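Just so you know, all these numbers are worked out from the coordinates, no wet-lab data involved. Predicted model, so just to flag it, every value in this text is computed and none were measured. Here the Cβ positions follow ideal geometry from the backbone for every residue, glycine too, while neighbour counts run over all protein chains shown.
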Amino acid sequence: MGPLVIAGILVEEEAEEELRIIGVRDSKLLSPARREALAPQIIAIARKCSYFELSPRSIDTVVNRKQRLRSLNYMEAMAMAKIIRELEPDVAYLDPSDVLPERFADQILKVLKKKPKIVSEHNADERYPVVSAASILAKVRRDQIVSELRERYGNFGSGYCHDDRTINFLTHLLRSGSTLPEFVRSSWKTIRNIEGLLDA
């Protein structure tokens with residue numbers, strides 16, 4: 001639920017050590033409170049930050065069309081390309097959503113006039129502090145958006161499929177016949193699973 005947020009940061013090579021010192025690491029291993037505390041420190045260290053948000057409706061449009069060249073992976077690659085264009089790094093480190101990291105990097109390079117060296121590796125947020133830092137900023141931005149949505153629509157939890165409050169919120173909506181709000185992806189597998197249980 002909510003947008004898919006991608007973030008990038010531009011840092012000098014020597015600033016990577018500063019990121020380690022403040023405790024930057026894989027964002028999935030940090031609590032929301034810890035990520036929120038780190039975000040302003042990361043922004044202070046970075047020369048520049050950039051964000052790109054993929055709305056639920058734009059994701060639904062692509063997923064529902066099932067267009068091979070316009071998959072969600074491709075959308076993420078184009079979002080990262082836009083961030084790279086804005087930041088203009090000499091080397092871009094990224095965590096690809098594609099099972100083939102090289103293909104993901106090639107898609108990005110094809111649309112860039114200025115072509116940096118790209119390091120495209122799965123679990124890059126575990127290896128490179130700059131990727132960890134960008135991931136932290138993306139999660140903090142998404143959490144802020146979801147918090148604002150909860151204020152408007154009620155406490156639906158984290159918006160992730162492992163959250164019982166989120167599942168209960170969606171189940172109630174679907175059972176009542178209500179239209180899904182615009183911040184929920186209708187193409188989300190979780191929605192199909194709930195619909196299947198209601199039809200059973």
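First measure r as the distance between the Cβ atoms of R65 and I21, then evaluate 1/(1 + (r/R0)^6) with R0 = 45 Å and state the FRET efficiency to the nearest 0.05. Present the calculation step by step, with values, prior to reporting the outcome.
Values: r = 46 Å, r/R0 = 1.02.
Between R65 and I21 the formula returns 0.45.
Run the dipole for the chain about the Cα centre, Lys and Arg Cβ at +1, Asp and Glu Cβ at -1, nothing else charged, and hand back the magnitude in debye, nearest 20.
That gives a dipole near 740 debye.
Select one label from (1) 22, 21, 16; (2) 27, 17, 17; (3) 32, 21, 13: the one whose number is semi-axes √(5λ) of the Cα gyration tensor in Å as derived from the coordinates shown.
Identified label for the calculated read-out: (3).
Please work out how much length the chain gains when fully extended from T179 to E102, using 0.36 nm per residue of separation minus the C-alpha to C-alpha distance, in nm with one decimal.
23.7 nm
Give me the three principal axis extents of segment 155-199 from the C-alpha atoms, as integers in angstrom, largest value leading.
Sorted from largest, the Cα extents of segment 155-199 read 25, 19, 18 Å.
Tell me the angle of helix 32-45 to the major Cα principal axis of the chain, expressed in degrees between 0 and 90 and rounded to the nearest ten.
Between helix and principal axis, roughly 30 degrees.
Between V119 and D163, what's the calculated FRET efficiency when r is the beta-carbon distance and R0 is 35 Å? Round to 0.05. Display every interim value, and only then the final one.
Values: r = 33 Å, r/R0 = 0.94.
Here the calculated transfer efficiency is 0.60.
Which parts of segment 1-30 would a label at E88 reach, counting a residue when its backbone N lies under 18 Å from a point 7 Å out along Cα-to-Cβ?
Residues 8-13 qualify, since their backbone N sits under 18 Å from the label point.
Can you give the extra length, in nm with one decimal, that the chain gains between E53 and M78 once fully stretched, where that is 0.36 nm per residue apart less the Cα-Cα distance?
Value of the extension gain: 7.9 nm.
Any chance you could give the angle, 0 to 90 degrees and rounded to 10, that helix 189-199 forms with the longest Cα principal axis of the chain?
Result, in degrees: 10.
Once amide H atoms are built 1.01 Å from N in the peptide plane, which residues 5 or more positions from K48, or in another chain, come under 5 Å H to H?
Answer set, sorted by chain and number: L10.
Where both residues lie in the chain, what percent of DSSP beta bridges are antiparallel, nearest 5?
Bridges in the chain that DSSP calls antiparallel: roughly 65 percent.
Can you tell me the 0 to 90 degree angle between the C-alpha axis of helix 129-153 and the longest principal axis of the chain, rounded to 10?
30 degrees
Putting +1 on Lys and Arg Cβ atoms and -1 on Asp and Glu Cβ atoms, find which of I45, P96, V130 reaches farthest to the positive end of the dipole of the chain.
My answer, from the dipole projection, is P96.
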